[in-house]
Amino acid sequence: MTWVAAEGFTRRPLVVVEDHLYHMTELLDRLGGPAPLYPQLTVVCLDRPGPDTSRSAAAWLAAYPGLQVIAALPPAVAVPVGPHAPVPADSAGQDPARFRPLPPDAFASAHRLCQTLAAALRPGGLLLQDIQLQTLAFIPADRWWESIYLASTVRGTFADRPPSCRFVSNKRGYEATFGRELLDAGFDPREVIDKGDLARAVVPTLRGFLDRAFPLLLRLAAPGRLPWELRLARAESEREEVEREVDLLLWSGGDGALELGGRAVPGGPAQRRVLYKPGNQEAATWKALLDDRLGGGTGLPVLEVGRRLAPSGAGKAELTNLAARHLHTLRGRLADGAAILTAHHNYRLSERLTVGLAKPLADADGAGGRPT
């Protein structure tokens, strides 16, 4: 299962790496507000295991809804992973929650640490890393800037859409200290951000990147779980991954046109999309069916569907017949027409389907508040 439909701990668009508990807490405190970034973020704490790290990890999970944490914790520590009872840290790796233990060998092995970071990050995402990571045994103290090669290695593990990398540091004179190394590793010294300037530099970098690189909102519903949301890129590879995991997907590019796709639409990958021009009535019904399913509704009343299609003054029998013919066309788009149900004079999508509705974030803002 990919990040699209995964439950519990999953890959995120934003990953932040820091070895100081205080600095991590200070950053997290700034990422809230009306549109908190926590549901899009995984933080990787490289402080050594101990009581302070344990308390901080537990506090972050409790204080920042949706945040995922990777940290090194003693086996006996209990870490809250949800609103209910805590789960012992030695079993947290088996729990589909918001916490994952940092592998103990990550402090001594660059390869192991890079594996952990790459597994936490979505393709095309952003890795924000402190440059001076003092807890890593494989980085010489007098060449602390060599941590930049960790980001370079993580980026190289992605065959498609490698992540962007930014750095934070409280040092001055980046160009003089390690500017050449940055350039050799494929980075620009301007990509180093002053750690002390959280409000004006670090936080806007995270928010701005997310809005530029992942400008779409995908709302999803699946059998046996509550609806959830994901941020999406416009990349074709990302859309194809969604369509492989979702039975029925309606995709809006923001120009009024809609496309229907997903596993329930028959044909090969190139044929599993039906393009609708702006104002198309079939597209309007698909959107209404998906909105109903995502909102936990009881379906679309048959007569209301008919009224949208019929001329003014049409009688009940004509409304019913028009709606039935219209739904017959929609069912014909699917490999299994029984995926659209008729019950109690309503049309609705079968709850056995995994469904999604993707649209630009700007449209979501206008529809009732900026989602997370």
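Some notes on this structure:
- For ARG331: the one exception among (1) open to solvent by less than 20 Å² (accessible area, probe 1.4 Å); (2) free of Cβ contacts under 8 Å to residues at least 12 places away in the same chain: (1)
- Some residue of region 213-234 being over 19 Å from THR2 (Cα atoms), surrounded by fewer than 19 Cβ atoms within 10 Å (Cβ to Cβ) and within 17 Å of the chain's Cα centre (by Cα): yes
- Qualifying residue in region 74-96 (condition: β-branched (Val, Ile, Thr), outside any helix (DSSP H, G or I) and at pLDDT 95 or above): no
- Any chance GLY296 is open to solvent by 60 Å² or more (accessible area, probe 1.4 Å), within 22 Å of VAL242 (Cα to Cα) and not in a helix (DSSP H, G or I): yes
- Residue check for PRO301: at pLDDT below 95 and either open to solvent by 20 Å² or more (accessible area, probe 1.4 Å) or closer than 25 Å to ALA257 by Cα (or both): no
- Counted residues, region 106-138 - those being of a type in the set (A, V, I, L, M), open to solvent by 20 Å² or more (accessible area, probe 1.4 Å), closer than 25 Å to ASP194 by Cα and part of a loop (DSSP other than H, G, I, E, B): 1
- Tally, over region 194-212, of residues that are of a type in the set (A, V, I, L, M, F, W, C) and surrounded by fewer than 20 Cβ atoms within 10 Å (Cβ to Cβ): 5
- Any hit, region 176-189, residues being at pLDDT 75 or above and hydroxyl-bearing (Ser, Thr, Tyr): no
- Tabulated pairs, region 120-144, first under 23 Å from GLY179 (Cβ atoms) and without any contact (Cβ under 8 Å) to a residue 40 or more places away in the chain, second β-branched (Val, Ile, Thr) and buried (at least 18 other Cβ atoms within 10 Å of the Cβ), C-beta under 8 angstrom, 6+ apart or interchain: TRP144/ILE131
- Scanning region 246-264 for residues that are open to solvent by 40 Å² or more (accessible area, probe 1.4 Å) and among the charged types (D, E, K, R) yields ASP255, GLU259, ARG263.
- Residue ID - nearest to LEU126 (Cα to Cα), chosen from residues in region 22-65 that are in a loop (DSSP other than H, G, I, E, B) and basic (Lys, Arg): ARG30
The values are calculated or read from the model by the stated rules, or taken from the named source; none is laboratory data. None of the values given here were measured: they were computed from a predicted structure. Every residue, glycine as well, gets a Cβ built from its backbone with ideal geometry; the counts of neighbours run over all protein chains shown. With ligands, DNA and RNA removed, areas are computed over all heavy atoms of the protein, side chains included. Shrake-Rupley method; radii C 1.70, N 1.55, O 1.52, S 1.80 Å.
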